[in-house]
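K.L.:
Pasting a structure below so you can have a look.
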Amino acid sequence: VSVEKPQDTWLVAAYACQRRSPLPNNNQLLTDALETLAEEAHFCGHEGRSLAFSRASSVLKALPRTVRRVQELDSLPCLGEHSKRVIQEVLEDGTSAEVETIRQSEKYQAMKLFTKIFGVGVKTAHQWYQEGRRTLDDLRGHPAQLSKEQQAGLIHYEDLNTPVKRADAEAIGQVVREAVNKCLPGASVTLTGGFRRGKPSGHDVDLLITHPVEGQEAGLLKKVIACLDQQGFLLYHSIHRNTFESLEDSDQEPSSHASSMDQYERCFSIFCLGDLPGDAQEGAGAEKPSRVRRTSGASRFWKAVRVDLVVTPYSQFPFALLGWTGSRIFERDLRRFAKREKKMLLNSHTLYHLEQSRVYRFPQGIERMRRK
Ligand code: 8DG
Ligand code: MN
Ligand code: MN
């Protein structure tokens, strides 16, 4: 909770899960600068440093007003010397020399370009950079060296780096809902990720699928994907198997490594979204441009959109929903808060008391959440 104190300073909680994170950002110039530094550190494999800059940015996003003087920051948590120095520079000069140097550097630009390809992480991007590659065309020349995922990422690079609007996300959610219900009546599809946080646009569409009868969800994803593929909705998909060891089957503590990856069965896909908003207004007489596969034609009525589909057993759904809603910093801090302050281990499957060795169940949890 952030409370405005009279003398122009703010009280902001140190854990992101303890403060309001409103959508309007009053300090975009400052958070952009800090996020460039976070990104650059990430590109160099300095995760601790990257996290520190991300946290600093997250704190500024919680402020109810634009920062004007660096003294206003004295009461704020998570702002290190380096962050404060950069903030001061931007406040005084409108820009930070360090940040500008990074943004103009060849390495940063190549890393940014490459990591924006679906299926490319920092490691691969860095390897390409070391090999002297700088442009997408440098990669297109050697398709055999790319994974299937990366090839799809390159083909649809522009679309996949165009923000997805909420209306498109809802439309895709509806298409998936229909396919899911054809395969398994009674199953539900929930839009999560940034859209669940209220963002008007995002980089992908995150959908959680479950069924109120535990166990019914087994095998569902494969059927749904087949159904969607048959209708021509999928430009790319890869299913990843569930590897979660149920806690009932093991008396070991859930693993506590910091990764945000969970073990639900999921599909990373690229949807072909036709019927873009606006088409509907063209009137009944207009030819309805339904989903079309990629063609070389000049005019396009479709767009490639990244979609994450995740299937969860009903009993774990509340944890999955919490874990997939984000933001990344919020999730990280929620887990850190659980561990440090509550001696609990939280992940996208479960909540576990470390000292009482107790697993928290959520039997009626979903119903209770729905009623709210
Ligand atoms: P955006 O798409 O609009 O850019 O933002 P977002 O929706 O917040 O980001 P995201 O990359 O789509 O991720 C949404 C949330 O899902 C994020 O908090 C992290 C979480 N998430 C993954 N992968 C995994 C995973 O494997 N397990 C869990 N538990 N969470 C994951 O992205
Ligand atoms: Mn998302
Ligand atoms: Mn996602």
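K.L.:
Based on alpha-carbon centroids, what's the gap between the range 323-340 and the range 160-238 in Å, whole number please?
P.N.:
24 Å
K.L.:
Moving on. Among residues other than S21 whose Cβ falls under 10 Å from its Cβ, what is the net charge (Lys/Arg +1, Asp/Glu -1)?
P.N.:
After counting each charged neighbour, the total is +4.
K.L.:
If R₀ is 22 angstrom, what is the calculated FRET efficiency for the pair R300 and Q174, using the beta carbon separation as r and rounding to 0.05?
P.N.:
In this case the efficiency is close to 0.55.
K.L.:
With r as the distance between the Cβ atoms of Q18 and Y360 and R0 = 22 Å, compute the FRET efficiency 1/(1 + (r/R0)^6) and round to 0.05.
P.N.:
FRET efficiency, Y360 to Q18: 0.65.
K.L.:
Between K107 and A226, what is the label-point separation in nm under the 7 Å Cα-to-beta-carbon projection?
P.N.:
It is 4.9 nm.
K.L.:
Obtain the nm distance between the two label points defined at R196 and R241 by a simple spin-label model: each point lies 7 Å from its Cα along the Cα-to-C-beta direction.
P.N.:
2.7 nm
K.L.:
Still on this structure: Which net charge results when you count Lys and Arg as +1 and Asp and Glu as -1 among the other residues whose beta-carbon is under 9 Å from that of H353?
P.N.:
+2
K.L.:
Residue farthest toward the positive end of the dipole of the range 32-156, with Cβ of Lys/Arg at +1 and Asp/Glu at -1: which of G45, G141, A33?
P.N.:
Of the options given, the answer is G141.
K.L.:
Taking the simple approach of a point 7 Å from Cα along Cα-to-Cβ for both Q145 and H46, what is their distance in nm?
P.N.:
Placing both labels 7 Å beyond Cα along the Cβ direction yields 2.8 nm.
K.L.:
Sticking with this one: I need L23, L207, L91 ordered by Cβ neighbour count within 10 Å, fewest first.
P.N.:
Starting with the residue having the fewest Cβ neighbours, the order is L23, L91, L207.
K.L.:
Tell me, what is the percent relative contact order of the range 39-196, built from C-alpha pairs under 8 Å that lie six or more residues apart?
P.N.:
Worked out over the range 39-196, it gives 15 percent.
K.L.:
Would you list, by chain and number, the lysines whose Cα falls below 29 Å from the Cα of K343, excluding same-chain residues fewer than 8 positions away?
P.N.:
By straight Cα distance, K343 reaches K61, K372.
None of the figures in this text is laboratory data; all of them are computed from the coordinates on show. Note that the structure is predicted; figures quoted are calculated from it, not measured. With ideal geometry, Cβ positions are generated from the backbone for all residues, glycine too; neighbour counts draw on all protein chains shown.
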